[in-house]
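**Q** The structure's right below; bear with me while I get my questions together.
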Amino acid sequence: TSSEVAELRAAFPYFATLDAQPEPPAYLDAAATSQRPTAVLDAERHFLETANAAVHRGTSGAVGAATAAFEGARARVAAFVGAAAPEQIVWAENATDALNIVALGIGEASAGAALGVPGSERFALGPGDEILVTEAEHHANLIPWQRLAARTGATFRYIPVREDGTWTLDDAREALNTRTRIFAFAHVSNATGYVAPVAELAELARSVGAITVLDACQSVPHMPVDLDALGVDFAAFSGHKMLGPNGIGVLYGRPELLAALPPSRTGGSAITKVTMESAQFMPPPMRFEPGTQPVSQAVGLGAAVEFLEGVGMERAAAREHELVERLVEGISATPGLRLLGPADPSQRIALTSVVVEGLHAHDVGQFLDEQGVLVRVGHHCAQPLHRALGITSSTRASVHLTTTEDEVDRFLDALRGAQRYFGVEAAA
Ligand code: PMP
C-alpha cells in the first residue's frame, strides 16, 4: 500500500531529502545505482567507529572482531542468494570485476594447459571450443568473453535478439552444442527488463557440458534468487544496485569450480606458501581476494541484505511487478512510444526502456530532467542490443521497492510532454 511505501521511503535519508523539496524529483534510476537506507549507512559507520581493523591479518582481538564482521557479511550474502556455503561467495569490486575474475581465470587456465600445468584442464579453452553469450548483454558480460575468445582461439558466438530485444529457451537450445564450453547471460536484462528462464537454461547448458555464468546484477536486487537451486555455475552482482555500498560486488561459484579456477590477480594474503620461485594459494574464497579488501563495504552489504530480507523479496518483487505493469500499460497506451522488451509485463521486472519516435533520447532526457524525472538515457552499456533494434539509444525508467505510483505517472506524463514540446505526437 502507499503507506507501506511511504514508511519504506522514510528509511532512506536520500528520499527524505528529495521528498522535503517543494517539488520532489522522481528517482527512476535504481538500475544504475540504488540508494542506501539508514541501516546500511549506520552499519558502515558503526563498524568504522568501533571495529575497523585489518581483517585476516594478525592475531589481535580487534582483528578478530573485524574479521568476524567481514565474514559474517559473507555468510549473510551467501544465505540471501541460496549458496549452501559462505565460501561460495567471493568479494569483488563490482559485478564487472566479478565477471572478469571468471573470464581472466579461464584465460589463465587455458594458458596453463598449453604449458602443461597440472589442474588446468577443467577450464582450458582452445580452438574448436565455443563461448556463447546473447546479443542483449551488458558490455560487462560481453567484452571479457570477447577477449577470452581472442586469447584462447575459442570461437565467440551469440544468440541474436528478436524484434523486441528478447531471446528464448528455444533460441538457446539451437545455439548450444557439445562444443559450447561457456554460456554467459543476464538473468534480467538491464535494457529490456526481460527475465530469462535461468533454471531451464542452466539445465540445457549442463546437458552439453557447458559452464553457465549468470549476470545477476538486475535480478538479485529485485526478486528472490536461489543460485544453488537455479543450477548456475557462476553468478555476479553488485552491492550498489541492492541498497548497499559501491566498491563491492560478489562472485558466486559452485565450490568445485571455484576450487579449480586459477586466481587471475595475485598478491598478499591469498596464499599458503611463497618461495622466491612460486606461490601456493589458499582455498576459495580467499585465493581470489588478494590485497586489502573492501571491509566496511562488505559490512554495509550485509546490512543491505538484512534490510531486503526484512522487506521480503517476494513482497518486493510483487510490488515491482505492479509498478512495471503500470509503466508498460502507460507506454503501450501512448502512440509514438516504442517499448523495448516483452509486451507481457509478467516476463519482466525492474525497468522499462522506451524510444520516443522522432526524438533523440538525449533530448528526451533533458526534457525529463527539467521536469524533475531522473532516468537513464543512452545505450545503457548495451550497444549491440540497441544496434540490433535499429536504434542508438533509449530512455530507461527503473523502479525499486521505494518507487511510488506517482513517480511512474510523472515519468509517463513527462514522456507525453516531451512529445508535445517537440511536436512529435503521434495520432492515436
Ligand atoms: N550487468 C548488468 C545487467 C548491469 O545492469 C550492470 C550495471 N549497469 C552491470 C553488469 C555492471 O555493474 P557494475 O557497473 O556495478 O560493475
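**Q** Would you check if Arg57 is of a type in the set (Lys, Arg), more than 16 Å from the ligand (Cβ to nearest atom) and either at pLDDT 95 or above or under 30 Å from Gly165 (Cα atoms) (or both)?
**A** Judged against the criteria, Arg57 is not a match.
**Q** Kindly indicate whether Thr180 is within 16 Å of the ligand (Cβ to nearest atom) and at pLDDT 95 or above.
**A** So Thr180 does not fit the description; no.
**Q** While we're on this one: Name the strands (runs of 3 or more DSSP E) wholly within the stretch 315-428 that hold at least 2 residues that are in the same structural domain as Glu23 (by TED's automatic domain parsing), closer than 25 Å to Phe15 by Cα and in contact with a Gly (Cβ under 7 Å, 6 or more places away or on another chain)?
**A** So the answer is 351-356.
**Q** Is it fair to say Gly300 is over 29 Å from Glu121 (Cβ atoms), under 20 Å from the mean Cα position of the chain (by Cα) and small (Gly, Ala, Ser)? Let's see the steps before the verdict.
**A** Numbers: over 29 Å from Glu121 (Cβ atoms): yes; under 20 Å from the mean Cα position of the chain (by Cα): yes; small (Gly, Ala, Ser): yes.
Yes, satisfied.
**Q** Can you tell me how many residues in the stretch 106-146 are within 16 Å of the ligand (Cβ to nearest atom) and either acidic (Asp, Glu) or closer than 20 Å to Thr266 by Cα (or both)?
**A** 3
**Q** On the basis of being among the small types (Gly, Ala, Ser), under 18 Å from the mean Cα position of the chain (by Cα) and assigned by TED's automatic domain parsing to the domain that holds Pro118, does Gly291 make the cut?
**A** So Gly291 does not fit the description; no.
**Q** I would also like to ask the following. Might you let me know whether the stretch 89-98 holds any residue that is closer than 30 Å to Ser394 by Cβ, within 16 Å of the ligand (Cβ to nearest atom), assigned to a loop (DSSP other than H, G, I, E, B) and β-branched (Val, Ile, Thr)?
**A** No, the stretch 89-98 contains no residue that is closer than 30 Å to Ser394 by Cβ, within 16 Å of the ligand (Cβ to nearest atom), assigned to a loop (DSSP other than H, G, I, E, B) and β-branched (Val, Ile, Thr).
**Q** Out of (1) in contact (Cβ under 8 Å) with a residue 24 or more places away in the chain; (2) touching a Pro at 6+ places or on another chain (Cβ under 6 Å); (3) away from the ligand (no atom under 16 Å from the Cβ); (4) of a type in the set (Gly, Ala, Ser), the odd one out for Ala103 is which?
**A** Condition (3) is where Ala103 drops out.
Per-residue answers, yes or no, for (1) assigned by TED's automatic domain parsing to the domain that holds Thr192; (2) more than 27 Å from Val188 (Cα to Cα):
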{"site": "Ala11", "(1), (2)": "no, no"}
{"site": "Pro24", "(1), (2)": "no, yes"}
{"site": "Pro37", "(1), (2)": "no, no"}
{"site": "Glu49", "(1), (2)": "yes, yes"}
{"site": "Arg57", "(1), (2)": "yes, yes"}
{"site": "Ala66", "(1), (2)": "yes, yes"}
{"site": "Phe70", "(1), (2)": "yes, yes"}
{"site": "Ala75", "(1), (2)": "yes, no"}
{"site": "Val81", "(1), (2)": "yes, no"}
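**Q** Hey, any hits in the stretch 165-176 for a residue that's touching a Ser or Thr at 6+ places or on another chain (Cβ under 8 Å), at pLDDT 95 or above, more than 16 Å from the ligand (Cβ to nearest atom) and basic (Lys, Arg)?
**A** no
**Q** Using the structure shown, decide if Ala73 is modelled with pLDDT of 95 or more, in a loop (DSSP other than H, G, I, E, B) and among the hydrophobic types (A, V, I, L, M, F, W, C). It would help to see each step written out before you state the result.
**A** Values: modelled with pLDDT of 95 or more: yes; in a loop (DSSP other than H, G, I, E, B): no; among the hydrophobic types (A, V, I, L, M, F, W, C): yes.
So Ala73 fails the test.
**Q** Based on this model, can you work out whether Val188 counts as under 23 Å from Leu389 (Cβ atoms), out of contact with any helix residue (DSSP H, G or I) (no Cβ under 8 Å at 6 or more places or on another chain) and of a type in the set (Val, Ile, Thr)?
**A** The answer is yes for Val188.
**Q** Looking at Val299 and the list (1) surrounded by 20 or more Cβ atoms within 10 Å (Cβ to Cβ); (2) within 30 Å of Leu412 (Cβ to Cβ), which single condition is not satisfied?
**A** (2)
**Q** Can you name every residue in the stretch 158-169 that is of a type in the set (Val, Ile, Thr) and either in contact (Cβ under 8 Å) with a residue 60 or more places away in the chain or assigned to a loop (DSSP other than H, G, I, E, B) (or both)? Write out each step before concluding.
**A** At the first step, the residues of the stretch 158-169 found to be of a type in the set (Val, Ile, Thr) are 159, 161, 166, 168.
Matches in the stretch 158-169: Val161, Thr166, Thr168.
**Q** Related question: Are any residues in the stretch 118-145 surrounded by 15 or more Cβ atoms within 10 Å (Cβ to Cβ) and without any contact (Cβ under 8 Å) to a residue 60 or more places away in the chain, and if so, which ones?
**A** Ala124, Leu125, Asp129, Glu130, Ile131, Val133, Thr134, Ile143, Pro144, Trp145
**Q** Please go through the stretch 243-273 and give me each residue that is of a type in the set (A, V, I, L, M) and within 10 Å of the ligand (Cβ to nearest atom), ordered by number.
**A** Hit for the stretch 243-273 is Ile248, nothing else.
**Q** Quick one: is Ala154 more than 20 Å from the chain's Cα centre (by Cα) and assigned by TED's automatic domain parsing to the domain that holds Pro221?
**A** yes
The values are calculated or read from the model by the stated rules, or taken from the named source; none is laboratory data. Keep in mind that this is a model prediction, so the values were computed, not measured. Reconstructed Cβ throughout: ideal geometry from the backbone, glycine too, with neighbour counts over all protein chains shown.
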